[in-house]
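The values are calculated or read from the model by the stated rules, or taken from the named source; none is laboratory data. All values reported here derive from a predicted model rather than from experimental measurement. We place every Cβ from the backbone using ideal geometry, glycine too, and count neighbours over all the protein chains shown.
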């Protein structure tokens, strides 16, 4: 069996996606649930979510991660292209916020006790994704602060 070094978009019979290799939907649900437990208590990240929006955010993140790592393509079917930078432009993602996000995600991933290869792949991606979304300095506002995203982009 060939183990892909990146997520498998379309699978050949001799390849297994990261999604399948780490346990499928239950693993990604556990990662996202644990991640948002941390976010809910984080003084820097929690204010970025409307009072009742953690559940919606959990669903979107789970669908995105599942699709990215080779699982069902529900995210794309419901929301189109991820456009991560565009979708996050309204939030003040400072280096401190990226570090907080990554700290909670690292906890969520490592608690799953995945095989080291897959844990490393996932954490490397999470680090690069968090850093790519930085759009302000610590204590600054996002470039689009005060503006809201149109409904079709959310």
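List every residue pair whose Cβ atoms sit under 6 Å apart, with the two residues 6 or more apart in sequence or on different chains, where the first one lies in region 17-32 and is on the phi > 0 side of the Ramachandran plot and the second, anywhere, is part of a helix (DSSP H, G or I) and surrounded by 22 or more Cβ atoms within 10 Å (Cβ to Cβ).
none
Criterion first (in contact with a helix residue (DSSP H, G or I) (Cβ under 8 Å, 6 or more places away or on another chain), within 30 Å of residue 139 (Cβ to Cβ), surrounded by fewer than 16 Cβ atoms within 10 Å (Cβ to Cβ) and modelled with pLDDT of 95 or more) does residue 46 satisfy it?
Working: in contact with a helix residue (DSSP H, G or I) (Cβ under 8 Å, 6 or more places away or on another chain): yes; within 30 Å of residue 139 (Cβ to Cβ): yes; surrounded by fewer than 16 Cβ atoms within 10 Å (Cβ to Cβ): yes; modelled with pLDDT of 95 or more: no.
Spelling it out, it is not the case that residue 46 is in contact with a helix residue (DSSP H, G or I) (Cβ under 8 Å, 6 or more places away or on another chain), within 30 Å of residue 139 (Cβ to Cβ), surrounded by fewer than 16 Cβ atoms within 10 Å (Cβ to Cβ) and modelled with pLDDT of 95 or more.
Would you point out the residue of region 69-93, among those that are under 18 Å from residue 59 (Cα atoms) and surrounded by 18 or more Cβ atoms within 10 Å (Cβ to Cβ), that is modelled with the lowest pLDDT? Give the steps one after another, and end with the answer.
First pass over region 69-93, keeping only residues under 18 Å from residue 59 (Cα atoms): 69-84, 87-88.
Within this subset, residues satisfying the condition of being surrounded by 18 or more Cβ atoms within 10 Å (Cβ to Cβ) are 69-71, 75, 88.
Numbers: 69: 97, 70: 96, 71: 96, 75: 77, 88: 63.
The qualifying residue modelled with the lowest pLDDT is 88.
Among the residues of region 56-66, is there at least one that is more than 13 Å from the chain's Cα centre (by Cα), surrounded by 13 or more Cβ atoms within 10 Å (Cβ to Cβ) and modelled with pLDDT of 75 or more?
No, region 56-66 contains no residue that is more than 13 Å from the chain's Cα centre (by Cα), surrounded by 13 or more Cβ atoms within 10 Å (Cβ to Cβ) and modelled with pLDDT of 75 or more.
What's the total number of residues in region 94-105 that are modelled with pLDDT of 95 or more and surrounded by fewer than 18 Cβ atoms within 10 Å (Cβ to Cβ)?
Looking only at that region, the number is 3.
If you check residue 20 against the conditions, is it surrounded by 14 or more Cβ atoms within 10 Å (Cβ to Cβ) and out of contact with any helix residue (DSSP H, G or I) (no Cβ under 9 Å at 6 or more places or on another chain)?
Details: surrounded by 14 or more Cβ atoms within 10 Å (Cβ to Cβ): yes; out of contact with any helix residue (DSSP H, G or I) (no Cβ under 9 Å at 6 or more places or on another chain): yes.
So residue 20 fits the description; yes.
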